[in-house]
Amino acid sequence: MKILVLIFSLVVFSSTAFADLSISASEATVRAPIPGMKNTVGYFKMTNMGTKDVILVSAKSSASEVLEFHNHDMNNGVMRMYQEMEVKIPAGDTIVFESGGLHLMFLKVEPELNSAKLVDVLFTTKSGDSFTVPFEVHKLKVKHHH
Ligand SMILES: [Cu+2]
């Protein structure tokens with residue numbers, strides 16, 4: 001259990017206005033867009049250590065004109081993604097944004113996303129609270145197969 005606590009305490013943010021908001025985020029990464037592409041995806045884990053559910057309603061970043069919460073489903077064997085207007089982080093629970101599931105969609109990315117090491121994302125909750133999570137920018141490496 002101690003290991004878990006250490007991982008999640010890596011990045012902890014709390015609001016000044018709402019003492020009961022206790023959210024931590026970890027492993028927040030965004031892929032640098034493939035050259036020529038205007039869109040990319042971000043992944044992270046978010047834990048609600050508080051006693052009330054937290055509902056994310058928006059995300060903003062200077063690195064991208066539009067940020068949307070997306071999810072995937074399977075339709076006749078075809079993976080399809082769709083927008084989620086809200087993402088609930090239940091009290092005491094961790095929600096994982098990962099490949100093939102929930103993800104943060106960066107649409108119309110700014111050039112800074114290619115050169116930056118970190119980009120800040122500001123999340124806003126239904127209760128009007130907000131907090132910032134830094135996302136590490138991961139560049140795609142060209143793989144050589146032998
Ligand atoms: Cu998407």
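The values are calculated or read from the model by the stated rules, or taken from the named source; none is laboratory data. It should be emphasised that the depicted structure is a prediction, and the values quoted were computed from it without experimental measurement. Positions of Cβ are backbone-derived with ideal geometry, glycine not excepted, and every protein chain shown enters the neighbour counts.
Would you mention how many residues in the stretch 18-48 are buried (at least 18 other Cβ atoms within 10 Å of the Cβ), farther than 16 Å from LEU102 by Cβ and away from the ligand (no atom under 16 Å from the Cβ)?
Selection size over the stretch 18-48: 3.
Mind listing whichever residues of the stretch 101-146 are modelled with pLDDT of 90 or more, closer than 25 Å to MET79 by Cα and not charged (D, E, K, R)?
Passing the criteria: GLY101, LEU102, HIS103, LEU104, MET105, PHE106, LEU107, VAL109, HIS138.
Looking at (1) within 15 Å of the ligand (Cβ to nearest atom); (2) in a loop (DSSP other than H, G, I, E, B), which one does GLN83 not meet, given that it meets all the others?
GLN83 satisfies all of (1) within 15 Å of the ligand (Cβ to nearest atom); (2) in a loop (DSSP other than H, G, I, E, B) except (2).
Go through the stretch 91-120 and count every residue that is over 14 Å from THR29 (Cα atoms), assigned to a loop (DSSP other than H, G, I, E, B) and within 16 Å of the ligand (Cβ to nearest atom). Steps first, please.
Taking the stretch 91-120 and keeping what is over 14 Å from THR29 (Cα atoms), we get 91-95, 100-101, 107-112, 115.
Filter once more, keeping what is assigned to a loop (DSSP other than H, G, I, E, B): 91-93, 100-101, 110-111.
Restricting the remaining residues to those that are within 16 Å of the ligand (Cβ to nearest atom) gives 100-101.
The number of residues fulfilling the criteria is 2.
Go through the stretch 67-95 residue by residue and tally those that are surrounded by 11 or more Cβ atoms within 10 Å (Cβ to Cβ) and closer than 17 Å to THR125 by Cα.
Residues that pass the stated criteria total 15.
Return a yes/no flag: does the stretch 98-110 have any residue that is of a type in the set (S, T, N, Q) and surrounded by 14 or more Cβ atoms within 10 Å (Cβ to Cβ).
The answer is no; no qualifying residue exists.
Out of (1) within 13 Å of the ligand (Cβ to nearest atom); (2) surrounded by 17 or more Cβ atoms within 10 Å (Cβ to Cβ), the odd one out for PHE123 is which?
With respect to (1) within 13 Å of the ligand (Cβ to nearest atom); (2) surrounded by 17 or more Cβ atoms within 10 Å (Cβ to Cβ), PHE123 is out only on (1).
Looking at (1) of a type in the set (A, V, I, L, M); (2) away from the ligand (no atom under 15 Å from the Cβ); (3) within 18 Å of PRO134 (Cβ to Cβ), can you tell me which one ALA59 breaks?
Evaluating ALA59 over (1) of a type in the set (A, V, I, L, M); (2) away from the ligand (no atom under 15 Å from the Cβ); (3) within 18 Å of PRO134 (Cβ to Cβ) leaves (2) as the failure.
From the list LYS38, LYS60, exactly one residue is in a strand (DSSP E or B) and closer than 20 Å to ASP120 by Cα. Which is it? Show your work before the answer.
Values: LYS38 fails: in a strand (DSSP E or B).
Answer to the check: LYS60.
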